[in-house]
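Visitor: Got a structure here, written out as structure tokens. Questions coming.
Derivation of every value follows stated rules applied to the coordinates shown; laboratory data play no part. All of these numbers come straight from a predicted model, not from anything done at the bench. Note that each Cβ is placed from the backbone with ideal geometry, even for glycine, and that neighbours are counted across all protein chains shown.
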Amino acid sequence: MRLRHHRQAVDESETGIDLAPMLDFVLNLLIFFIITAVFVKEVGITVSRPASQPQATEEKKKVKTIVATITATGEILINGRLVDLRAVRANIERFAAESPDSPVVVIAHKEAATGILVQVMDQVRQGGIENVSIAASEGT
């Protein structure tokens, strides 16, 4: 009887689960994920929001947009004044001298020749204005 009793005590002690290997594995996983999370770079763009200051809006009001219009017949108007293609650069230089940050909007009629549009844009760029936009119109 004594032997049986002794064997039951030994069996009870062997039935327990050893947690040390599992804890080692979990800690290794934790260290792996912490290290890899440090090196992950987030992809995105930085957005700089404009500050709402009254001075900034006043400065923008001082900048006047120069409008160059090309009619369907190929006539060129700068700020409503009829000019020749050769005089576009001189007029743009004069307006750029008054306000250097002025953008130019070239409004071309949809039936105007593309070559005239390109020549006007070249004259504007040679006149010192880099901010050139193109718009289309069906009238005028």
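Visitor: Using DSSP to define loop residues, name the GluC sites (Glu not before Pro) in region 68-130 whose beta-carbon has at most 15 other beta-carbon atoms within 10 Å.
Guide: Sites meeting the loop and neighbour criteria: GLU111, GLU130.
Visitor: Name the long-range amide H neighbours of ILE129: under 5 Å, sequence gap of 5 or more, or other chain; modelled H, no Pro or chain starts.
Guide: Under 5 Å from the amide H of ILE129 lies no amide H from a residue far enough along the sequence or on another chain.
Visitor: Another one. For region 61-137, with only Lys/Arg (+1) and Asp/Glu (-1) charged at the beta-carbon, what is the dipole magnitude about the Cα centre, in debye rounded to 20?
Guide: 200
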